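These notes concern the structure reproduced below.
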């Protein structure tokens, strides 16, 4: 029997999750804005601090999770213990998908995109990337943005942006993405138009 | 009875046996996930597992659940009912959060980070770092035209809003103008027709491209929806009957404002009337700032 030394979660789960959620809400309501939610004191090696924070704040037994990336056994055990989320075998079954490395990202069309009548039944994608820089890179517009905003996501391929555009063209169906890079986090809801 | 320093009080100890802000953590996570979806699909009503709150449906249980899910120890909360901080609904909700969360309270719009409102938008323009939480009795704008939820879902899915335009047109055919004066339907980001909650249509233009995040909660109907910052919100109208707001031909009897939405107060049994700002904070700030008292304007 293999044993994994389990790492701790939030010190104060009530207030820590509230602060993480508010940072995330800020990012989701203002696409392109980079926020830095405070992470738990310990986290699995495969997770960035911002990813760990979001997982603990949002996941529980009601959120089927699809997990992909290298060396995720520790992450899986950590999430099973702290969040208690069920793990699913295919991306389309997932309420949340956690992809710890862009190389493990499937085609975005494989995720649940919701239906026209219930567009909220879509997967929220948590994607770990190399680096996030505001004020340069892709040009963003849409709800939550006063005119235009700029976000540079280091590590995703050009096909990611094409697939995202194709998924979001089905609005109100679509895919909401949360990018994390180290302590930083930015979100792209399905309404955001992205141009090069 | 415990004496509560509600209204301005610094944090007091929460009620023993209850979680911070009353709701349990699993419920908060569920509501938080719903809010994120609502923000991602502006104007779309997301169903959520609305909980029983310790006050009756119709008293703001939807707004309270949103506030309980977002509020934190470092927030400053303002609660208004028809613009006023000192009416029953506002006082009891403020007392609720003072007891269960101990968050700082304020009556000043500019000092608040979260504002929960029943049926008004503050006159003072809101900022990028504020969140406005609306209490919503009936989230479905099409409900009085189409009683079946299965049908209204389809109508939203297909952007099939003809029936709403027919309703507005019939107003014009009968009365010469659109007579809806509150809960006036809006189109959010060019896609979803949305009920702005029963705010006077006077407030509708404030929703358009508002810098603050707007969240809407309907407890009995179990729906949460949202308008992200800087999102276009258009009141429905026709080219030849454009949307317009009714300006009252009075100014406030206390602060003299002729910009704000006014309440009519009967002052005696001989037809005496006083018109005062419905937004009590706006009115007080103007008076404190030394704006002209203009009682004569109130007749």
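Here the condition is being within 18 Å of residue B:44 (Cβ to Cβ) and out of contact with any strand residue (DSSP E or B) (no Cβ under 6 Å at 6 or more places or on another chain); of B:150, B:180, it holds for B:150 alone. When residue B:101 is tested against (1) in contact (Cβ under 8 Å) with a residue 60 or more places away in the chain; (2) surrounded by fewer than 22 Cβ atoms within 10 Å (Cβ to Cβ); (3) more than 20 Å from the chain's Cα centre (by Cα), only condition (2) is not met. For segment B:24-40, a residue qualifies if it is buried (at least 22 other Cβ atoms within 10 Å of the Cβ) and assigned to a loop (DSSP other than H, G, I, E, B), but none of them does.
Counting only strands (runs of 3 or more DSSP E) wholly contained in segment A:127-196, the ones carrying 1 or more residues that are within 14 Å of the chain's Cα centre (by Cα) and within 18 Å of residue A:92 (Cα to Cα) occupy A:176-181. Which one is farthest from residue A:176 (Cα to Cα) among residues in segment A:9-44 that are under 16 Å from the mean Cα position of the chain (by Cα) and away from chain B (no Cβ under 14 Å)? For segment A:9-44, the residue satisfying everything is A:39.
Put simply, of B:102, B:43, B:58 the only residue that is assigned to a loop (DSSP other than H, G, I, E, B) and within 10 Å of chain A (Cβ to nearest Cβ) is B:43. Within segment B:275-297, is even one residue on the phi > 0 side of the Ramachandran plot, away from chain A (no Cβ under 14 Å) and crowded, with 20+ Cβ neighbours inside 10 Å? Checking segment B:275-297: not a single residue is on the phi > 0 side of the Ramachandran plot, away from chain A (no Cβ under 14 Å) and crowded, with 20+ Cβ neighbours inside 10 Å. Being away from chain B (no Cβ under 14 Å), in contact (Cβ under 8 Å) with a residue 60 or more places away in the chain and either within 13 Å of the chain's Cα centre (by Cα) or surrounded by 22 or more Cβ atoms within 10 Å (Cβ to Cβ) (or both) holds for only one residue in A:47, A:6, A:67, and it is A:47.
For the residues B:190, B:217, the requirement of being buried (at least 20 other Cβ atoms within 10 Å of the Cβ) and over 28 Å from residue B:259 (Cβ atoms) singles out B:217. Yes or no: segment A:84-106 includes at least one residue that is within 12 Å of chain B (Cβ to nearest Cβ), over 21 Å from residue B:40 (Cα atoms) and in contact (Cβ under 8 Å) with a residue 24 or more places away in the chain. Yes, that holds for at least one residue. Just to be sure I understand, how many residues within segment A:178-196 are within 22 Å of residue A:38 (Cβ to Cβ), more than 10 Å from every other protein chain (Cβ to nearest Cβ) and in contact with a helix residue (DSSP H, G or I) (Cβ under 8 Å, 6 or more places away or on another chain)? Within segment A:178-196, residues that are within 22 Å of residue A:38 (Cβ to Cβ), more than 10 Å from every other protein chain (Cβ to nearest Cβ) and in contact with a helix residue (DSSP H, G or I) (Cβ under 8 Å, 6 or more places away or on another chain) number 7. The number of residues in segment A:145-166 that are surrounded by fewer than 20 Cβ atoms within 10 Å (Cβ to Cβ) and touching a residue at least 40 places away in the same chain (Cβ under 8 Å) comes to 7. Among the residues of segment B:80-91, none qualifies, meaning not one is more than 14 Å from chain A (Cβ to nearest Cβ), under 23 Å from residue B:153 (Cα atoms), touching a residue at least 40 places away in the same chain (Cβ under 8 Å) and out of contact with any helix residue (DSSP H, G or I) (no Cβ under 7 Å at 6 or more places or on another chain). Per the conditions (1) in a helix (DSSP H, G or I); (2) without any contact (Cβ under 8 Å) to a residue 24 or more places away in the chain, the sole criterion not satisfied by residue B:69 is (2).
Each reported figure results from applying straightforward, stated rules to the coordinates on display, with no laboratory input. A quick note: this is a predicted structure, and the numbers were derived from the prediction, not measured. Glycine gets a Cβ as well: all are built from the backbone with ideal geometry, and neighbour counts include every protein chain shown.
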